[in-house]
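Engineer: Handing you a structure now.
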């Protein structure tokens, strides 16, 4: 017989409840009280209710089971965040080094451009002195006569 068609047996001690999202009827053994589960129909995460008539020792364990899973989820999130923070710190270090190189290159280029400017000024002054001499040579008139 196909297992999926086999009748489901419930015990009187099982906890019966509904998914808060899709209202699917669910059942779980009493030992599952307080656990975080996922609805098989809609995927909603929920905590199994803890019955009022549950043995106080089991009730305390059931409530802590739900908290333990939540704590584990938070620890996982913290670990993922630490990993991301380490990655970002590495990226920041890389960017700072790159910025230092770019600033050094910028400063060196400013110095080069200043030297080029000074040389261009000297060339312009030489051209300014040569132009009248060329004009005089072309016109054939000696200077100062």
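Engineer: Is it the case that the range 90-111 has a residue that's modelled with pLDDT of 95 or more, closer than 30 Å to residue 35 by Cβ and part of a helix (DSSP H, G or I)?
Structural biologist: For the range 90-111, residues modelled with pLDDT of 95 or more, closer than 30 Å to residue 35 by Cβ and part of a helix (DSSP H, G or I): absent.
Engineer: Suppose we filter the range 18-59 for residues that are loosely packed, with under 15 Cβ neighbours inside 10 Å and at pLDDT 90 or above; how many remain?
Structural biologist: Qualifying residue count, the range 18-59: 15.
Engineer: If you don't mind, there's one more thing I want to ask. Is there any pair with a first residue in the range 71-85 that is more than 24 Å from residue 47 (Cβ to Cβ) and a second that is assigned to a helix (DSSP H, G or I) and modelled with pLDDT of 90 or more whose Cβ atoms are under 6 Å apart and which are 6 or more apart or on different chains, and what are they?
Structural biologist: none
The values are calculated or read from the model by the stated rules, or taken from the named source; none is laboratory data. Here the structure is a predicted model, which is why all the values come from computation and not from measurement. Reconstructed Cβ throughout: ideal geometry from the backbone, glycine too, with neighbour counts over all protein chains shown.
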